[in-house]
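The values are calculated or read from the model by the stated rules, or taken from the named source; none is laboratory data. Predicted model only: the values in this text are computed from it and were never measured. Here the Cβ positions follow ideal geometry from the backbone for every residue, glycine too, while neighbour counts run over all protein chains shown. These accessible areas exclude ligands, DNA and RNA; they are computed on the full protein's heavy atoms, side chains included. Shrake-Rupley method; radii C 1.70, N 1.55, O 1.52, S 1.80 Å.
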Amino acid sequence: MLKRLFKKIKTEAYSVKRLFGSGEGRHFFSYCKNRYFGRLLTTRFPKYEGKIDEDFEVHVLCQKAMLWPLMVCLRSFLHHSGLCPKIIVHVDDFDERSIALLESKFSNVRVLPWSEATAAINQRTDINDKIKKIRFGPNVLATKLTDDYLLSKSKYVMVIGSDVLFYSKPQEIIEFIKGQIDSDALGSYDPHDMPILIDEGFKNRLKINEQGLNHLNSDLIIFDKTKIPHEWFTEYFEHILEPEDYFVDSAGFSVLYARLKWKFLTHKRYRIKGDVDGDTAAKHFTGPRRWQLYSWGIDLARKNMSL
């Protein structure tokens, strides 16, 4: 417990140091408000209601500590896209109160506890024991691949991180959902080289690096599930080298994308690094930039929605 507390203090100290070191200390109050009083803010957040599109699902893996950013993430996408997908939030540490609160704020959200998802997958006879062992193992990130693929039921599926916020109309995603883009899948670009830990023969056969799929970031991807055979999903686990790797889900989606007709979302509009400007559709506030999420990212997203 002391080790966990020390890590939390160290993380907070890093974020505050980055805030002031970047010359944006004026946002310190906003940082404290969104970082430490998120629970209060969630109770005051206005409810979203809409007519659900049964052909479109959004899946997101979230921890209870990210409940407030998650609400802004989902609302910002719904606001700027004008779409109303079914939203499934996968959780492993939400209490009943948090589940009830989240579902009360969105008419199209269903919270799926880890235990319920586990039971559903455990009953599947079309996946082998090796896949189940990885799914039920300690690497919770594996569920972003296993659960989002196995439990999704719609034609179009979007996987998103709770630290992705939208700031303007995601035209490319809207056109994809409406069938106006000649692609089977879209994905966000990560400037870092993501490790794809599968055996080299399989990796070379799929031309993972040649296609740039070592830069696919799984915190914002969208695909036509009807174009992804179940055998492709199973095949990834036959060639996986390190089930405990942090990027096990990204690697899996890269393998699934490899045989699709896919393309990256415009990096200038769907960004990780850099500020938000008039061209920005969405920004992913990854761990090293998490301080930006709380200091100005959430407030700017709410301002753009007049919330």
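Annotations
- With every protein chain in place, segment 96-200: carbon and sulfur % of accessible area (1.4 Å): 50
- Within the listed set ASP126, ASP279, ASP193, the Gaussian network model of the chain (springs between alpha-carbon atoms below 10 Å) gives the highest mean-square fluctuation for ASP126.
- Choice from ARG35, ARG271, ARG18 showing the highest fluctuation, given a GNM over the chain with Cα pairs closer than 10 Å: ARG18
- Only one residue of VAL16, SER30, ILE52 has its Cα farthest out toward the positive end of the dipole of segment 1-57, where Lys and Arg carry +1 and Asp and Glu -1 on Cβ, and that residue is VAL16.
- Across the options SER115, SER168, ALA251, the greatest Cα extent toward the positive end of the charge dipole of the chain (unit charges at beta carbon of Lys, Arg, Asp, Glu) belongs to SER168.
- The shape of segment 24-119 comes out oblate: with a ≥ b ≥ c from the C-alpha gyration tensor, a/c is at least 1.5 while a/b does not beat b/c.
- For segment 36-107, applying the loop criterion from DSSP together with a ceiling of 14 other beta carbons within 10 Å to the trypsin sites (Lys or Arg not before Pro) yields ARG44, LYS47, LYS51.
- Three-way shape call for the chain based on the alpha-carbon gyration tensor, with the a/c threshold at 1.5: rounded
- Accessible area of segment 35-163 divided out per residue, in Å², using a probe of 1.4 angstrom: 43
- Loop-located GluC sites (Glu not before Pro) in segment 6-77 (DSSP state not H, G, I, E or B) with no more than 11 neighbouring Cβ atoms inside 10 Å: GLU49.
- Carbon/sulfur fraction of accessible area - segment 203-307, other protein chains in place, 1.4 Å, %: 51
- Sparsely packed loop sites in segment 149-255 (the trypsin sites (Lys or Arg not before Pro) outside DSSP H, G, I, E and B with at most 12 other Cβ atoms within 10 Å) comprise LYS153, LYS178, LYS207.
- When +1 charges are put on Lys and Arg Cβ atoms and -1 charges on Asp and Glu Cβ atoms, the dipole computed for segment 31-104 relative to its Cα centre reaches about 580 debye.
- Lys, Arg +1 and Asp, Glu -1 on Cβ, resulting dipole of the chain about Cα centre, debye, nearest 20: 1300
- Gap separating the Cα centres of segment 138-154 and segment 58-104, nearest whole Å: 16
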